[in-house]
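Working notes, structure below.
The values are calculated or read from the model by the stated rules, or taken from the named source; none is laboratory data. Please read all numbers here as calculations on a predicted model, not as lab measurements. Neighbour counts run over all protein chains shown; Cβ positions are idealised from the backbone, glycine included. For accessibility, only protein heavy atoms count, side chains too; no ligands or nucleic acids. Shrake-Rupley method; radii C 1.70, N 1.55, O 1.52, S 1.80 Å.
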Amino acid sequence: MVRVRYELHFTEAAAATRARLDDRRRAAFDKGVDILVNDPFNEHSRPAGGDDTSRSIRVTPSLMVEYIVNRGYVVIVVLRVFDNQDVLLPDAD
């Protein structure tokens, strides 16, 4: 079976968030997205909307993306960055 690499695009908001990542997070993000464009429906992704083409995935423990898959494209719509310093109750689970 031949796998097709999906063409990657970003919304302006997601691209702006990506541009603000520090070098360590940017490297991890880029590595995760490289895996994602080869298999956007992988076992770690979840449907994020009413159909299977809107999806979300935690790329790293602190980076989550919401994306759309359509006709050979992956469009990253939202990139969320989570920081432990932003947690109201860090020890509550």
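Can you find, within region 48-65, the residue that is modelled with the lowest pLDDT among those that are open to solvent by 60 Å² or more (accessible area, probe 1.4 Å) and within 19 Å of D30 (Cβ to Cβ)?
First pass over region 48-65, keeping only residues open to solvent by 60 Å² or more (accessible area, probe 1.4 Å): 50-52, 58, 61.
Still in the list and also within 19 Å of D30 (Cβ to Cβ): 58, 61.
Values: R58: 94, P61: 89.
Result: P61.
Taking the condition surrounded by 12 or more Cβ atoms within 10 Å (Cβ to Cβ), among the basic types (K, R) and either over 12 Å from the mean Cα position of the chain (by Cα) or over 17 Å from G72 (Cα atoms) (or both), does R5 pass? Criteria not met by R5. Contact map, region 33-45: first residue among the polar types (S, T, N, Q), second residue in a helix (DSSP H, G or I) and open to solvent by 70 Å² or more (accessible area, probe 1.4 Å), Cβ cut-off under 9 Å, separation 6 or more or different chains; pairs are N42/I35. The residues of region 66-85 that are farther than 16 Å from Y6 by Cα and open to solvent by less than 80 Å² (accessible area, probe 1.4 Å), listed by number, are V78, L79, V81, D83.
Per-residue answers, yes or no, for (1) under 9 Å from the mean Cα position of the chain (by Cα); (2) small (G, A, S):
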residue	(1), (2)
R24	no, no
V33	yes, no
L36	yes, no
G49	no, yes
E66	yes, no
G72	no, yes
V77	yes, no
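A single entry from R18, R26 fulfils the requirement of being surrounded by 11 or more Cβ atoms within 10 Å (Cβ to Cβ) and either small (G, A, S) or free of Cβ contacts under 8 Å to residues at least 24 places away in the same chain (or both): R26. Which pairs have Cβ atoms under 9 Å, sit 6 or more apart or on different chains, and link a residue in region 71-84 that is within 13 Å of A16 (Cβ to Cβ) and touching a residue at least 40 places away in the same chain (Cβ under 8 Å) to one that is among the β-branched types (V, I, T) and open to solvent by 50 Å² or more (accessible area, probe 1.4 Å)? Listed pairs, sorted by first residue: I76/I68; V77/I68.
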